[in-house]
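Presented below is the structure to which this report refers.
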Amino acid sequence: MIAHIAIILVALVSSSESFQKLLLTRLVLRPSSASVACAPLSMSTTKVERNQNFAKLQAGYLFPEIARRRRAYLEQNPSAKIISLGKYSCIDVMRCDTTITTVHAMPSPLLFVGIGDTTMPIPPHILSGLAHGVSKLGTKEGYSGYGAEQGVTELREKIAAKLYNNLVQPDEVFVSDGAKCDISRLQLMFGSNVVSGVQDPSYPVYVDTSVMMGQTGSIDPALKQFSNIVYLPCNPGNNFFPDVRQSPRADVYYICSPNNPTGAVATRKQLEELVQFCKEVGSFIVFDAAYAPFIRTPDVPKSIYEIEGAKDVAIEVNSFSKYAGFTGVRLGWTIVPSGLKFSDGTPVRNDWNRVMTTAFNGASNIVQSGGLACLDDEGLQEIETLIDYYLQNAKLLKETFEGLGFDVYGGVDAPYVFVHMKGRNSWDCFSEILETIQVVTIPGAGFGPGGTEFLRMSAFAPRESCLEACERFKQMYKK
Ligand code: PLP
């Protein structure tokens, strides 16, 4: 143990990249399971029983596997020189080094066009809001400690007015540290006796949190699906929106629009039918609108509450992450309508309030000050400009693949472009692209069996990386 600490300390002060790599390999890179990956090298066991729901989870989230393959490539191509790799921590590696945008390899640098993390800096007005939050803390008058767990009133009001046109009330808005965290806390509220329904493919957090909560049995290795989850097929045949009437009933439907990973957006009609169905069968919708500001096509709903009757069945999770480059800043919100009720008549909002006041302690006051700035006119304009930039990247990626003869989905009202690699496994395509043109994409298989034949391209990249990647794709796939 002491020897290991010594190795870590030496490595931390060492400028030798090879030594850091060796350490990294020993500490975090061997097993594919994220939870095991960060464990110390040797540790005696205890008498504490492992939560068996965690044992059911598959080998980590998608990104560790991508990171593993990227590393394997770099090991075989030792001349590759990684730049901007300041943070060689467990977390960075498990998140697939999202801080790395370029790796100088010969003959060409490694490019990332798959990762869903924002890359553009936070614009000035929004940044000034964050700075204002910081400086207030240095004054007697401005200092604040714990705040309301539900968020500051002004921000709740501003979200309701500016983003929902007062379709929701401020006391239905619960400010948080992000949509992912809220999805997990919603699962905590739903408990282990509900059946989740997920789009296939979908953002993996819906399935993994259902498994963690004990809602499921184990995975069927052939189907790659957990028992007691309703998987709703989404494919080009149904425009990537599920026909819920064709599948067994679920208690809670996780619906994401604009969708990660398919880039599809749900139409008004599709959402009307979904709401109608949920009212008929008495189910909830958890509507994930984290990419809502990417919607530019008129009459495509940005919120489920644009649909009549949705307040009787739907909860909406949302986030400033993709709006304003807040992926690291952390600020989101969840809308729980006051009239939404469980089968025994209890308002869902009461239980959600209990969760938020018990398992959460309020979003950071600094960050909420940034959130307020986001919703000023200047902030909203900055968000628009930021999103225009990413949408232009999406257009470039989409046009490139269309020009190469692929069937391409998404990329219009969404930052994701979903490319059909017909008849091929996306992991094979991922490796082939990495080895041939040193571009890192995201295999659709990581989002569920329905994504197996697709690659997800992300518009969250600097323009020059995006253009360079498009050129390389053209070289690789030209006929
Ligand atoms: N929901 C979807 C569909 C996402 O793709 C992501 C992040 O990639 C999130 C939620 C997470 O949002 P947040 O950063 O607010 O936790």
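What follows is calculated from the coordinates using simple rules that are stated; it is not laboratory data. Since the structure is predicted, the reported quantities are computational estimates derived from the model, not experimental observations. FYI the Cβ positions are ideal-geometry reconstructions off the backbone, even for glycines, and counts take in every protein chain you see.
Quick check on the exposure proxy: order Lys341, Lys269 from fewest to most C-beta atoms within 10 angstrom.
On the way: Lys341 14, Lys269 10.
Listing Lys341, Lys269 from fewest to most nearby Cβ atoms yields Lys269, Lys341.
Ordered by the count of other Cβ atoms within 10 Å of each Cβ, fewest first, Trp333, Trp352, Trp427 give Trp427, Trp352, Trp333. Please go through the stretch 197-267 and write out the trypsin sites (Lys or Arg not before Pro) that DSSP classes as loop and that have at most 11 other C-beta atoms within 10 Å. In loop regions of the stretch 197-267 (DSSP not H, G, I, E or B), there are no sparsely surrounded trypsin sites (Lys or Arg not before Pro). Neighbour counts of C-beta atoms inside 10 Å place Tyr206, Tyr389 in the sequence Tyr389, Tyr206, starting with the fewest. Working note: Karplus 6.51/-1.76/1.60 with θ = phi - 60° gives the stretch 347-352 the couplings x, 4, 4, 4, 5, 5 Hz, where Gly and Pro are set to x.
Between rounded, prolate and oblate, where does the stretch 413-466 land on the alpha carbon gyration tensor, with a ≥ b ≥ c its root eigenvalues, rounded for a/c under 1.5, else prolate if a/b exceeds b/c? It is oblate, given that a/c is not under 1.5 and a/b is not larger than b/c. Taking amide H as placed 1.01 Å from N in the peptide plane, Phe326 has its amide H under 5 Å from the amide H of Ser321, each at least 5 places away in sequence or on another chain.
Around the amide H of Asn235, modelled in the peptide plane, lie the amide H atoms of Phe240, Phe241, all under 5 Å away and 5 or more residues distant in sequence or on another chain.
Each peptide in 365-372, 46-53 receives the mean, over its residues, of other Cβ atoms within 10 Å, and ordering these scores from highest gives 365-372, 46-53.
Near the amide H of Val440, within less than 5 Å, lie the amide hydrogens of Leu111, Phe112, Val113, all on another chain or at least 5 residues away, with H placed in the peptide plane.
For the stretch 135-186, the set of GluC sites (Glu not before Pro) satisfying both a DSSP loop assignment and a count of at most 15 other C-beta atoms within 10 Å is given as Glu141.
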